[in-house]
1. Look at the stretch 123-144 and say how many of its residues are open to solvent by 40 Å² or more (accessible area, probe 1.4 Å), more than 18 Å from the chain's Cα centre (by Cα) and farther than 26 Å from Ala208 by Cα.
2. Do we find that Ile108 is part of a loop (DSSP other than H, G, I, E, B) and touching a Gly at 6+ places or on another chain (Cβ under 6 Å) in this structure?
3. For the stretch 156-171, state whether one or more residues are surrounded by 19 or more Cβ atoms within 10 Å (Cβ to Cβ) and farther than 21 Å from Leu220 by Cα.
4. Against the conditions (1) in contact with a Lys or Arg (Cβ under 8 Å, 6 or more places away or on another chain); (2) buried (at least 17 other Cβ atoms within 10 Å of the Cβ); (3) among the charged types (D, E, K, R), where does Glu191 fall short? Just the number, please.
5. Go through (1) open to solvent by 40 Å² or more (accessible area, probe 1.4 Å); (2) charged (D, E, K, R); (3) over 30 Å from Leu168 (Cα atoms) one by one and return the number of the condition Glu286 breaks.
6. Could you tell me whether the stretch 201-218 includes any residue that is out of contact with any Asp or Glu (no Cβ under 6 Å at 6 or more places or on another chain), under 30 Å from Ile62 (Cα atoms) and at pLDDT 95 or above?
7. Restricting the stretch 272-282 to residues that are over 19 Å from the mean Cα position of the chain (by Cα) and either of a type in the set (Ser, Thr, Tyr) or under 17 Å from Gly314 (Cβ atoms) (or both), which is least open to solvent (accessible area, probe 1.4 Å)?
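The values are calculated or read from the model by the stated rules, or taken from the named source; none is laboratory data. A quick note: this is a predicted structure, and the numbers were derived from the prediction, not measured. Cβ sites come from the backbone with ideal geometry, for glycine too, and all protein chains shown count toward neighbours. Ligands, DNA and RNA are excluded from the accessible area calculation, which covers all protein heavy atoms including side chains. Shrake-Rupley method; radii C 1.70, N 1.55, O 1.52, S 1.80 Å.
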Amino acid sequence: MGSVLALSSGPGHQNWPFSTDPSPSRWDRRDGRLPNPGSFHSLHRSCKDVFPQQIEGIKMIINKTLSSFFKASHTLHLSAVCPSYYRFHVEHLQSDHCSKDKDAPALIGEMDSSGSLNAHALLHLTERIRARTVFQTQQSQFVTWQFETEYRGSDFTAAVTVANPDVLRESVILVAHFLQSVSSGLVLGGELVYHRGRAEEGGILTLAGQYSRPNWVATLNAGKGGAHASYYHRANKQIQVGVEFEASTRTQETTTSFGYQMELPEANMVFRGMINSRCIIGGVLEKRLTPLPATLIMGAFVNHRGDKLQVGLGVHVG
């Protein structure tokens with residue numbers, strides 16, 4: 001279920017590690033009105049961005065901006081653990097003057113060397129209404145087709161998602177999200193997931209809450225399927241830390257993870273590290289190779305319990 005909902009965040013999105021512009025915060029509002037809480041799937045994003053992304057093998061990414069509305073990228077990944085692949089990625093950016101998110105991509109397409117396709121479309125129908133569509137294939141078979149409509153009010157967000165509807169098999173997944181700003185720092189809401197098939201039918205309700213202050217964010221999701229808690233703290237301009245706790249009633253497993261991010265602007269470097277309760281330790285170092293428009297990425301992850309080591313090297317050009 002989580003893999004379907006994860007597509008809502010959009011494929012191909014990457015945070016530039018050396019950005020100097022501060023991200024907008026909901027506690028910056030000074031007009032006395034409650035701010036919009038944002039999307040449900042972005043509740044834990046502040047904490048997740050601190051953790052390093054696992055890298056293995058050799059990876060090269062080349063980005064090319066063809067115009068102010070069109071971008072393309074090429075990715076080549078050579079690996080000894082998983083199959084190597086080549087991926088072509090294109091983005092067509094929208095020009096919507098009614099939207100505050102003018103740089104949000106309107107159309108995204110990805111295709112790899114195995115023939116798998118990932119297509120994503122985001123339309124700002126009005127200033128408050130957004131429509132999103134996702135199609136994903138695994139070689140010649142459709143695995144995901146998803147439609148979402150989101151309404152962002154002045155102090156609340158409501159969204160409805162329809163995933164993998166199949167009339168012949170009489171199956172469908174329906175997801176409803178709602179978030180409400182209770183105060184300048186407190187957000188409450190929930191998620192209702194309903195799935196129906198020939199063999200089974202059921203629903204899962206998850207309640208969510210988030211409390212934010214200028215330097216930290218605490219978030220909790222809890223329901224029948226388990227719990228997910230995260231805490232993000234910005235110690236200063238260079239150091240950020242995050243802690244995550246995840247528990248699943250289906251697998252009867254719990255995981256606690258600690259991650260941190262250290263920025264060294266003078267050296268044009270960013271380091272992200274993590275350790276979790278499964279005895280996995282990892283780190284990724286990103287070094288901008290000025291004056292070249294390139295970033296060198298080096299990473300290593302060690303699983304002490306499974307006695308495994310993964311080492312990766314990447315180059316990001318453009």
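1. Adding up the residues that qualify gives 9.
2. Values: part of a loop (DSSP other than H, G, I, E, B): no; touching a Gly at 6+ places or on another chain (Cβ under 6 Å): yes.
Spelling it out, it is not the case that Ile108 is part of a loop (DSSP other than H, G, I, E, B) and touching a Gly at 6+ places or on another chain (Cβ under 6 Å).
3. Residues of the stretch 156-171 that are surrounded by 19 or more Cβ atoms within 10 Å (Cβ to Cβ), as a first pass: 157, 159, 161, 163.
Imposing the further condition that a residue be farther than 21 Å from Leu220 by Cα reduces the set to 161, 163.
Yes, the conditions are met somewhere in the stretch 156-171.
4. The number of the failed condition is (1).
5. Every listed condition holds for Glu286 apart from (1).
6. At the first step, the residues of the stretch 201-218 found to be out of contact with any Asp or Glu (no Cβ under 6 Å at 6 or more places or on another chain) are 201-205, 207-218.
Okay, now just the ones that are also under 30 Å from Ile62 (Cα atoms), so none.
Checked the stretch 201-218: no residue is out of contact with any Asp or Glu (no Cβ under 6 Å at 6 or more places or on another chain), under 30 Å from Ile62 (Cα atoms) and at pLDDT 95 or above.
7. The initial filter retains those residues of the stretch 272-282 that are over 19 Å from the mean Cα position of the chain (by Cα), namely 275-282.
Those still in the list that are either of a type in the set (Ser, Thr, Tyr) or under 17 Å from Gly314 (Cβ atoms) (or both) too: 277, 282.
On the way: Ser277: 57, Gly282: 10 Å².
Here the residue is Gly282.
Residue by residue, here is whether (1) of a type outside the set (Ser, Thr, Tyr); (2) open to solvent by less than 90 Å² (accessible area, probe 1.4 Å); (3) at pLDDT below 90 holds:
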residue: Pro11; (1), (2), (3): yes, yes, yes
residue: Pro24; (1), (2), (3): yes, no, yes
residue: Trp27; (1), (2), (3): yes, yes, yes
residue: Arg30; (1), (2), (3): yes, no, yes
residue: Leu43; (1), (2), (3): yes, yes, no
residue: Gln53; (1), (2), (3): yes, no, no
residue: Ile62; (1), (2), (3): yes, yes, no
residue: Val90; (1), (2), (3): yes, yes, no
